[in-house]
Structure formats: C-alpha cells, structure tokens
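Here the structure is laid out as structure tokens; the discussion comes afterwards.
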Amino acid sequence: MPPRDRTKRRVAPRQERARASVEAILTAAEMVLRDEGFARATTNRIAARAGVNVALVYRYFAGKEAIVGALIERVANTTYDAVRRALAENALEPLPVALRAMFDALVHPPGIHPALHRELVEHVDVTKRRQLVHDVSGRAMALFASFLEERSAELRALPDSEAAMFVLQHAIEASTHAAAFYRPGSLSVDRALDALTELVARGLLPLPEPGGREFAATNASLPYANHRVGR
C-alpha cells in the first residue's frame, strides 16, 4: 500500500464544539512551531499544548504536515488581506509610501510571530501548499498591478509590462523574505525595506531628466519607515 498522505485534512468540523477543538489544535501548533520549530513539532506535543487527546488531532488532521499546511493557508490569506488594506489605505499617498506599506504587510502579517512566520515559509513544500501560496501571491500581485494601473499617469511607460510584473513579483517575494528572515545581523528590517522601496520606486517612476533633480530630492517622504501604516 502507498504511504498515507500526512498533508491532508480529514473530517471538516461542523459543530461549534468541533470547530473550537480544531482552533485549539491550530493555536497550539502555532506555539509549538514558534517555540520549538517544525522538526520538534510532533502531533503529541501539539495535542499536549492544546490540552486534547492525540486521537482527536488525528480525527481532523492526517499528520503534523496537515496542521502546518492549515496554518500556511491561514497566514497566506491574512497576508493577502494585509496587502489589500495597505494598497487601499495608501492609494493617494506618494508611490514610495504605498510601496513601503505593502512591503511591511508582507514582512509583518498581522498577528503572526516572526519565528512562526519563518517556520511556515520554510515548510511550504513539505506540506504540499506551494500551489496555494502561488495562487494567493498571484492574487496579491493582481491587486498591485491594478494599483499601478490606476496610477499609470505618474509612472514611466515600461517596454514589456507583463515581463516587468513577473520580475517585480518574484523580486519582491524574495527580497521581503530575505529581509524578514535571512538578513545579516548588522542590517535592520527597516533599512532593508527602505532600500527595496527605493529600488522598486526608481524602476517605476519616470527617469530623471538630464541635469534634473535626483530621485531622493524629489521625494520628501524619505525615510519611508516614518510613513508605515499603523506604526
């Protein structure tokens, strides 16, 4: 017989008590992942932290991979909502301020501890949630593309907008993950996101005229960290 797929959810909770049990399991999993990491996050540890029998965990989840996968789904959607709010709330702000708010939402999803966030990002593949994350990311970038389209009058014309958005999506994803989890100790998140903001804004805004003012001189919003939403 083929090995069972430990990434799948089993019974969908229908009653309030069952939903509360699943929520307790997911909350416990968040704490175990945050404090001990994926390698030590066994179903027994999660059940103990949740205060339930491990048999109840297996009633709803085929294994710890399914639990972590459910958390990845939740955080992916939380991040999407944060990006949507950041773009909507900064629709009339200078472009660098709006960009910085979006990057901040990607690095700091609301209510998600950084250690938990890193564990989820690093275990997308083992939970078989890569396609889901790709789809949610694509929806977020579609929001970003619409945001840029609405502000097209202030942006420079790109020779290949499809290719530019493809590169931007992957550059932003890689850079924000690196800023959140893999930066050197001497580099703060704020400095990394300020640099990313300036690079992306330089690529989207009109190029300076020969002899004209430099980019930084035309953007009184620097440093961008002072304009982050909710900070």
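The values are calculated or read from the model by the stated rules, or taken from the named source; none is laboratory data. Only a predicted model underlies this, so the values are computations on that prediction, with no experimental measurement involved. Cβ coordinates were reconstructed from backbone atoms using ideal geometry, including for glycine residues, and neighbour counts include every protein chain displayed. Note: areas computed on protein heavy atoms with side chains; ligands, DNA, RNA excluded. Shrake-Rupley method; radii C 1.70, N 1.55, O 1.52, S 1.80 Å.
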Practice prompt. Determine which single condition residue 92 fails, assuming it passes every other condition in (1) open to solvent by 40 Å² or more (accessible area, probe 1.4 Å); (2) more than 18 Å from the chain's Cα centre (by Cα); (3) touching a residue at least 40 places away in the same chain (Cβ under 8 Å).
Written response: (3)
Worksheet item: Is there any pair linking a residue in the range 149-169 that is closer than 20 Å to residue 196 by Cα and in contact (Cβ under 8 Å) with a residue 40 or more places away in the chain to one that is open to solvent by less than 40 Å² (accessible area, probe 1.4 Å) and outside any helix (DSSP H, G or I), with Cβ under 7 Å and at least six apart or on different chains, and which?
Response: 155/205; 156/205
Worksheet item: Scanning for something touching a residue at least 40 places away in the same chain (Cβ under 8 Å), open to solvent by less than 70 Å² (accessible area, probe 1.4 Å) and more than 15 Å from residue 83 (Cα to Cα), does the range 129-139 turn up at least one residue?
Response: yes
Worksheet item: If you scan the range 112-132, which residues turn out to be among the aliphatic types (A, V, I, L, M), closer than 20 Å to residue 182 by Cα and out of contact with any Ser or Thr (no Cβ under 9 Å at 6 or more places or on another chain)?
Response: 115, 116, 121, 124
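Looking only at the range 190-207, how many residues end up being without any contact (Cβ under 8 Å) to a residue 60 or more places away in the chain and open to solvent by less than 70 Å² (accessible area, probe 1.4 Å)? It would help to see each step written out before you state the result.
From the range 190-207, those without any contact (Cβ under 8 Å) to a residue 60 or more places away in the chain are 190-192, 195, 199, 202-203, 206-207; that's our starting set.
Add one more test, that the residue is open to solvent by less than 70 Å² (accessible area, probe 1.4 Å), and what stays is 190, 192, 195, 203.
Final tally of qualifying residues: 4.
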Worksheet item: Failed condition for residue 143, given (1) in a helix (DSSP H, G or I); (2) without any contact (Cβ under 8 Å) to a residue 12 or more places away in the chain, with all others met?
Response: (2)
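Report, by residue number, each residue of the range 146-164 that is open to solvent by 40 Å² or more (accessible area, probe 1.4 Å), of a type in the set (A, V, I, L, M, F, W, C) and not in a helix (DSSP H, G or I). Even if it seems obvious, please write down each step before you answer.
From the range 146-164, those open to solvent by 40 Å² or more (accessible area, probe 1.4 Å) are 146, 149-150, 152-154, 156-163; that's our starting set.
Filter once more, keeping what is of a type in the set (A, V, I, L, M, F, W, C): 153, 157-158, 163.
Residues satisfying the conditions are 157, 158.
In this structure, does residue 36 turn out to be modelled with pLDDT of 95 or more and closer than 29 Å to residue 140 by Cα?
no
Out of 117, 108, I need the residue that is open to solvent by 30 Å² or more (accessible area, probe 1.4 Å) and at pLDDT 95 or above. Which one? Please lay out each step first, then the result.
Working: 117 fails: open to solvent by 30 Å² or more (accessible area, probe 1.4 Å).
It is 108.
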Worksheet entry | Qualifying position, being over 27 Å from residue 114 (Cβ atoms) and open to solvent by less than 30 Å² (accessible area, probe 1.4 Å), among 55, 47, 18 | 18
